[in-house]
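Nothing in this text is a laboratory measurement; each read-out follows from the coordinates by a stated rule. Quantities reported herein were computed from a predicted structural model and do not represent experimental measurements. Cβ placement follows ideal geometry from the backbone for every residue including glycine, while neighbour counts extend to all protein chains displayed.
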Amino acid sequence: MALTHFAYDSELKDMLVSIEADGAIIIDNLATPESMDQIARELAPWLGKPVSESPMINDKFRGFQTLRTSGLIGKSTVAGQLALDPTIAKIIDSILGPQCADYQLSWTQAIKIGPGEVAQLPHRDTYMYPFKRPGPECFINTIWAQSDFTRENGATRIYQGSHRWPDNRTPTEDDRYAFAEMPKGSVIVFLGSTYHGGGRNETIDSFRVGIGLAYTLGWLRQEENQYLAVPIEKARALSAELQRLIGYRVHDRYIGWYEGMDENLFRVVTRKNYQTELRGNALHDDNDPDKKKA
Ligand SMILES: O=C(O)CCC(=O)C(=O)O
């Protein structure tokens with residue numbers, strides 16, 4: 001089944017219903033083609049290299065025909081604008097909000113899949129967090145189409161409904177997946193627990209460029225170390241909103257403080273009565289009835 005596409009001004013509640021059903025949605029043309037051209041220019045010093053000089057290590061998971069660069073908030077002003085997109089913010093807030101006082105940016109990566117690349121191993125972005133699945137979300141990813149995403153050039157593959165799979169269920173050959181086919185400027189939003197992977201690039205000359213920006217709970221360690229990834233002089237020049245988003249703030253009064261800190265950091269929004277239902281992974285869950293039987 002194809003993924004559901006929304007217009008940039010669609011109702012939030014409709015988008016949330018679709019994410020709950022499929023684990024992913026596409027919002028068409030949320031960014032302008034001009035901003036996508038600008039980000040391409042900003043990232044050209046990294047993405048313009050041959051794949052053999054990829055700033056990130058090429059391996060079986062990351063692909064041998066794929067060029068990647070991270071630390072995007074320090075490299076591109078457009079990446080910062082996309083990270084703060086108000087439509088995305090409402091979605092993230094609705095899904096991660098019940099688990100935290102405020103969410104934060106976790107991972108940034110531009111991914112340029114080149115001709116001849118094979119399909120990436122399907123995976124969940126939440127592997128490194130030992131919470132039991134299915135369950136409340138701790139991570140949401142967005143991949144913006146800097147180029148058109150097509151089935152042929154490596155559009156992300158999404159296993160619809162896989163966010164409901166238990167921990168011990170992984171994709172098999174029989175599982176069907178949808179392609180995140182979308183025009184440049186569109187974005188796919190998917191849950192951290194949704195199985196997905198970069199697609200195979202069957203073309204001889206077309207590159208698929210995605211701008212990945214993922215978010216996590218404000219109290220959880222970010223996947224990418226934003227304090228090191230964004231040089232401090234660049235971080236100082238960001239807007240206060242973006243500084244907070246990448247982690248320069250205190251979560252709910254007590255996580256992330258330091259002696260001599262700016263007291264304004266204490267003034268971040270504190271969500272009343274948030275209460276996470278995240279629990280440890282089933283492998284370590286003493287309350288799991290199946291485990292007791294064994
Ligand atoms: O490039 C994509 O479409 C997905 C990439 C991805 O999931 C990853 O590298 O972890």
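Assorted remarks:
- Lysine pair number, Cα distance threshold 19 Å (strictly under), the chain, separation 8 or more or different chains: 11
- In the distance distribution for the chain, Cα-Cα pairs more than 37 Å apart total 13 percent.
- Proximity of backbone amide H atoms, modeled 1.01 Å from N, is registered between Phe6 and Ile26, Ile27, Asp28 at under 5 Å, excluding neighbours fewer than 5 places apart on the same chain.
- Taking Cβ atoms as reference points and 12 Å as the exclusive limit, the residues near Gly48 contribute a net charge of +1, counting Lys and Arg as +1 and Asp and Glu as -1.
- Gyration tensor verdict on the stretch 32-144 (Cα atoms; rounded if a/c is under 1.5, prolate if a/b is larger than b/c, oblate otherwise): oblate
- Rounded if a/c under 1.5, otherwise prolate or oblate - the stretch 162-217, Cα gyration tensor axes: oblate
- In sequence order, calculated HN-Hα J values of the stretch 16-30 (Karplus, 6.51, -1.76, 1.60; Hz; x Gly/Pro): 5, 4, 5, 5, 4, 6, 9, x, 6, 9, 10, 10, 7, 6, 6
- Cβ crowding within 10 Å, taken as a proxy for footprinting-reagent exposure, orders Glu137, Glu181 from fewest neighbours to most as Glu181, Glu137.
- As a rough footprinting exposure proxy, the listed residues Met1, Met261 were ranked by other beta carbons within 10 Å of their own, and the order from fewest upward is Met1, Met261.
- Shown in residue order for the stretch 137-148 are the 3J(HN,Hα) couplings computed by the Karplus curve 6.51 cos²θ - 1.76 cosθ + 1.60 at θ = phi - 60°: 7, 10, 7, 9, 10, 10, 10, 8, 7, 6, 10, 4 Hz (x for Gly and Pro).
- Surrounding net charge for Asp102, when Lys and Arg each add one and Asp and Glu each subtract one, Cβ distance under 9 Å: +1
- Fewest-first ordering of Ile113, Ile57, Ile73 by other beta carbons within 10 Å of each residue's beta carbon gives Ile57, Ile73, Ile113.
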